[in-house]
Amino acid sequence: MENEEVVVIDAKDMNYRELNEKIHEVLNKNPRVKKIILKNVLGQRYIGNGIRKKDLTIEIYGVPGGDLGMFMSGPTIIVYGNTEHAPGNTMDDGKIIIHGSGGDVTGHSMRGGKIFVRDDVGYRSGIHMKEYKDKFPVLVIGGRAKDFLGEYMAGGMILVLNIDREGRDLGKIRGRMIGTGIHGGSIYIRGEVDEYQLGVAADIKEFTEEDREKIKGYIEEFCNYFNLNERVKEKLINSKYTKIAPVSKRPFGKLYTPDLR
Amino acid sequence: MIPSAVPPKFKVEIDREKCMLCGRCVEECSWGVYRKERDRIVIYSNRCGACQRCVVMCPRNAITVRENTTCWRSHPLWTAEVREDIINQSKTGRVLLSATGNAMDYPIYFDRIVLDACQVTNPPIDPLREPMELRTYIGKKPKKLEFEFVEEEVDGKKIKKAKLKTKIAPNLKLETPIMIAHMSYGALSLNAHLAMAKAVKECGTYMGSGEGGLHRALYPYADHIITQVASGRFGVDVDYLNRGAAIEIKIGQGAKPGIGGHLPGEKVTAEVSMTRMIPEGTDAISPAPHHDIYSIEDLAQLVRSLKEATRWKKPVFVKIAAVHNVAAIANGIATSDADAVVIDGFRGGTGAAPKVFRDHVGIPLEMAIAAVDERLREEGVRNEISIIASGGIRSSADVFKAIALGADAVYIGTAALIALGCRVCGRCYTGQCAWGIATQKPELVERLDVEEGARRVANLIKAWTLELKELLGAAGINAIESLRGNRDRLRGVGLNEVELKALGIKHAGF
Ligand code: SF4
Ligand code: SF4
């Protein structure tokens with residue numbers, strides 16, 4: 001495996017520690033590696049955890065376990081399958097592209113980088129995403145999200161496209177408690193969202209042309225990764241979105257009274 | 001006068017005979033108690049929290065602060081405090097915020113436990129002249145050691161050498177079983193953090209970073225810092241995790257079990273925002289749970305994830321508040337690959353906690369240590385995990401008792417702050433700390449001299465270490481290892497049978 005640009009690892013019957021150790025072995029011994037292909041992945045956790053190499057792509061065939069790409073800072077992970085809970089947990093930089101669905105808390109505490117999910121995500125996805133200066137996390141969901149999307153969100157962007165694999169509309173979204181506790185960043189959902197679907201501290205703001213410009217690039221990227229045609233792309237770009245943003249960046253500023261006399 | 005709904009708690013007096021109108025008190029008081037008016041210092045006693053800054057700084061010793069004697073009609077149930085709280089809350093409709101630790105009159109079990117010493121049958125040891133081992137290793141210990149014997153040639157002779165086959169998990173090496181607890185940068189000033197970091201480095205021990213990330217000025221001390229990962233994940237990235245000596249997952253805190261934390265936006269200055277990696281001026285909110293942990297299995301997942309991120313080179317601790325089921329929870333943690341469990345008792349300090357939590361939630365540390373140690377032994381996993389006790393440790397005697405009850409080491413928080421100048425005035429959450437400890441205001445922060453602060457904290461740790469050695473010597477023990485969980489060296493005084501059972505100790509006289 002030395003000096004190869006592409007390395008294939010068969011993960012069949014491998015324990016997660018063994019698999020991750022193998023990946024690190026490749027990275028240590030072979031600085032030239034550009035792509036690691038993992039075959040027969042079945043529930044192994046922490047793939048890509050803490051890896052910093054920017055020009056690395058990890059291709060996963062199968063279903064990786066929880067905390068995929070946690071603390072990751074640079075690489076691109078492409079999953080041909082669904083993922084378990086918390087892909088992109090506390091991720092710093094890089095990309096995760098999921099050709100399937102993401103589990104609960106997809107993008108938990110993400111601080112940078114991008115996650116593209118072709119289908120749906122579970123509960124509390126994008127929870128506590130936060131931005132700082134040039135670090136701006138983005139979570140793009142092709143299908144739908146369960147309740148509590150963007151809870152405690154402190155920065156970055158969540159974009160819900162609300163389409164199926166072929167690009168057909170899924171109808172009005174059903175999630176509730178959207179953006180509850182949000183105090184930074186914004187959530188864009190294609191289509192109508194009712195007030196009652198929002199959580200505390202979240203507010204529906206006017207979707208402006210400026211907003212459209214902001215999301216356009218991510219829509220194009222999404223269509224590109226998942227092979228959606230021009231017609232779908234145009235439709236997505238020109239659709240009506242609901243923008244959800246914080247009422248204030250101090251949601252709990254008025255909660256306390258000092259025990260001073 | 002700023003109107004106050006209730007009488008001021010303290011009364012500030014200036015001896016006008018002594019006062020030379022230098023105006024120092026006006027400058028020093030960050031709470032605005034004093035104002036200079038031509039030939040007079042005007043006093044607003046209602047703003048005073050008895051932090052004593054002015055008292056100490058007045059060049060003429062002219063200031064006295066005492067409890068205000070304006071009395072309320074006494075009532076055993078409707079105490080002054082109860083009435084004041086109701087007046088306050090009926091005015092504001094808000095949650096009462098407080099600082100320091102539990103201020104209710106619950107028994108302090110440490111003060112109901114006495115220590116043993118040797119007389120005649122077994123000689124005491126003089127630690128000033130004889131070796132006394134306080135070195136403590138925090139982390140997993142193997143159940144048994146396995147060796148392999150390899151033949152080697154030494155000077156032409158073949159000899160068999162024993163080599164350790166068992167893989168030893170990474171441990172933290174402490175020269176004294178006293179560490180400094182996690183208090184975040186943001187809640188505390190950079191100077192406070194720096195002073196403590198210097199002190200622990202000098203004493204061969206460790207401090208916690210708290211959940212606010214690690215300021216770059218602390219990087220030189222990072223090998224003596226345990227980095228914390230809390231539910232807000234502030235300042236957490238791979239570099240942060242790899243920089244410290246160990247990692248601690250904060251599940252709960254003794255001062256406010258079951259709830260998260262909010263660092264108010266006004267404390268999120270440019271530097272704090274950089275260290276926490278969030279925009280300036282936003283509230284830094286730590287959710288009540290880690291939303292990637294809803295079970296012991298999920299906790300194990302985070303523990304292992306942190307180990308993966310550091311290639312299994314750093315010990316990972318899990319901190320929980322001492323609550324009713326602490327023993328069962330700690331046992332669960334022991335199965336999660338964690339290397340130490342931190343038990344934070346209900347007297348644990350805080351810079352900001354709802355008063356109702358501070359005063360009413362959680363259980364005494366003493367009982368929690370005993371229960372956890374007992375359970376881990378029963379389950380045969382005590383070697384798998386170290387126990388760190390924290391929350392209201394005030395003296396070397398408390399340290400000694402905590403270890404005899406079953407802890408490996410302790411964290412001190414408030415005690416270290418008092419060494420830095422804190423007067424436990426309980427108003428840390430205002431960000432106005434006149435001693436430069438719990439504040440981000442540059443003019444206040446610079447009041448805390450880093451070098452002197454470091455010396456004081458180091459002195460405190462050294463003094464307690466010396467006392468621990470003396471106490472051990474008197475008990476005829478020459479290594480702290482032999483004290484751990486050695487409850488036979490403790491006796492209760494004035495405790496009932498249930499309390500004795502919970503603590504696993506005998507009453508004096510038995
Ligand atoms: S510091 Fe002391 S002497 Fe100076 S003005 Fe205040 S009370 Fe008077
Ligand atoms: S740190 Fe400062 S504000 Fe907090 S209790 Fe101590 S002296 Fe008072």
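The values are calculated or read from the model by the stated rules, or taken from the named source; none is laboratory data. On a predicted model such as this, the values are computed, not experimentally measured, just so you know. Cβ atoms come from the backbone with ideal geometry, glycine included; neighbour counts cover every protein chain shown. What goes into the accessible areas is simple: the full protein's heavy atoms, side chains included, and nothing from ligands, DNA or RNA. Shrake-Rupley method; radii C 1.70, N 1.55, O 1.52, S 1.80 Å.
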Exercise for review: Quickly run through region A:173-224 and pick out the residues that are within 24 Å of A:ARG250 (Cα to Cα), among the charged types (D, E, K, R), in a helix (DSSP H, G or I) and open to solvent by 20 Å² or more (accessible area, probe 1.4 Å).
Suggested key: A:GLU195
Exercise for review: With respect to B:PRO257, determine if the residue is in the same structural domain as B:TRP312 (by TED's automatic domain parsing) and closer than 22 Å to A:GLY156 by Cα.
Suggested key: no
Exercise for review: Could you tell me which residue of region B:13-33 is farthest from ligand 2 (Cβ to nearest atom), considering only residues that are within 14 Å of chain A (Cβ to nearest Cβ) and small (Gly, Ala, Ser)?
Suggested key: B:GLY32
Check your understanding: Hey, among A:LYS146, A:LYS114, which residue is in contact with a Phe, Trp or Tyr (Cβ under 8 Å, 6 or more places away or on another chain), touching a residue at least 60 places away in the same chain (Cβ under 8 Å) and open to solvent by 10 Å² or more (accessible area, probe 1.4 Å)?
Key -> A:LYS114
Review point. Of all residues in region A:233-261, which are more than 21 Å from the chain's Cα centre (by Cα), open to solvent by less than 60 Å² (accessible area, probe 1.4 Å) and away from every other protein chain (no Cβ under 14 Å)?
Key: A:SER239
Review point. Taking the stated definitions as given, is B:ARG377 closer than 23 Å to B:ASN171 by Cα, out of contact with any strand residue (DSSP E or B) (no Cβ under 6 Å at 6 or more places or on another chain) and either within 16 Å of ligand 1 (Cβ to nearest atom) or at pLDDT 95 or above (or both)?
Key: yes
Review point. Looking only at helices (runs of 4 or more DSSP H) that fall completely inside region B:309-396, which ones have 1 or more residues that are under 17 Å from the mean Cα position of the chain (by Cα) and surrounded by 21 or more Cβ atoms within 10 Å (Cβ to Cβ)?
Key: B:355-360, B:365-378
Point to revise | Selection count where residues are more than 14 Å from chain B (Cβ to nearest Cβ), under 13 Å from the mean Cα position of the chain (by Cα) and either open to solvent by 10 Å² or more (accessible area, probe 1.4 Å) or closer than 25 Å to B:HIS290 by Cα (or both), scope region A:49-81 | key: 3
Review point. From the residues in region B:33-59 that are in a loop (DSSP other than H, G, I, E, B) and open to solvent by 20 Å² or more (accessible area, probe 1.4 Å), which one is nearest to ligand 1 (Cβ to nearest atom)?
Key: B:CYS58
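Yes or no, residue by residue, for (1) of a type in the set (Val, Ile, Thr); (2) more than 8 Å from chain A (Cβ to nearest Cβ); (3) open to solvent by 10 Å² or more (accessible area, probe 1.4 Å):
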site	(1), (2), (3)
B:GLN228	no, yes, no
B:ARG233	no, no, no
B:ASP239	no, yes, yes
B:ARG243	no, yes, yes
B:GLY260	no, yes, yes
B:GLU266	no, yes, yes
Study note, to complete from the structure: Scanning region A:10-35 residue by residue, those more than 14 Å from chain B (Cβ to nearest Cβ), under 25 Å from the mean Cα position of the chain (by Cα) and open to solvent by less than 60 Å² (accessible area, probe 1.4 Å) turn out to be A:ALA11
Point to revise | Among the residues listed as B:GLU211, B:GLU248, B:GLU202, the single one being closer than 28 Å to B:ASP408 by Cα and either within 14 Å of chain A (Cβ to nearest Cβ) or assigned to a loop (DSSP other than H, G, I, E, B) (or both) | key: B:GLU211
**Study point:** Which listed residue, of B:TYR411, B:TYR429, is in contact with a strand residue (DSSP E or B) (Cβ under 7 Å, 6 or more places away or on another chain) and more than 30 Å from B:ARG491 (Cα to Cα)
**Key:** B:TYR429
Practice item. Determine whether B:THR70 is within 13 Å of another protein chain (Cβ to nearest Cβ), part of a loop (DSSP other than H, G, I, E, B), surrounded by fewer than 15 Cβ atoms within 10 Å (Cβ to Cβ) and of a type outside the set (Lys, Arg). Key: yes
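Sort out which residues of region B:435-456 are within 16 Å of ligand 1 (Cβ to nearest atom) and within 14 Å of another protein chain (Cβ to nearest Cβ), and write them in order of number. Before you say what the answer is, go through the steps one by one.
We begin by selecting, within region B:435-456, every residue within 16 Å of ligand 1 (Cβ to nearest atom); these are B:447.
Correct list: empty.
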Check your understanding: Can A:GLY167 be described as surrounded by fewer than 20 Cβ atoms within 10 Å (Cβ to Cβ) and not hydrophobic (A, V, I, L, M, F, W, C)?
Key -> yes
Revision key, fill the gap. Going through region B:145-196 in order, the residues found to be among the β-branched types (Val, Ile, Thr) and not in a loop (DSSP other than H, G, I, E, B) are B:VAL150, B:VAL154, B:ILE159, B:ILE178, B:ILE180
Check your understanding: Within region A:117-138, restricting attention to residues that are surrounded by 24 or more Cβ atoms within 10 Å (Cβ to Cβ) and within 16 Å of A:ILE163 (Cβ to Cβ), which residue is farthest from the other protein chains (Cβ to nearest Cβ)?
Key -> A:ARG118
Practice item. Starting from residues that are among the β-branched types (Val, Ile, Thr) and in contact with a Cys (Cβ under 7 Å, 6 or more places away or on another chain), keep the ones in region B:49-82 and report whichever is farthest from B:CYS433 (Cα to Cα). Key: B:ILE63
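Residues are listed down the side, and each one gets a yes or a no for (1) within 7 Å of ligand 2 (Cβ to nearest atom); (2) surrounded by fewer than 24 Cβ atoms within 10 Å (Cβ to Cβ); (3) part of a helix (DSSP H, G or I); (4) in the same structural domain as B:THR269 (by TED's automatic domain parsing):
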site: B:ALA402; (1), (2), (3), (4): no, no, yes, yes
site: B:ARG423; (1), (2), (3), (4): yes, yes, no, yes
site: B:GLY426; (1), (2), (3), (4): yes, yes, no, yes
site: B:GLN440; (1), (2), (3), (4): no, yes, no, yes
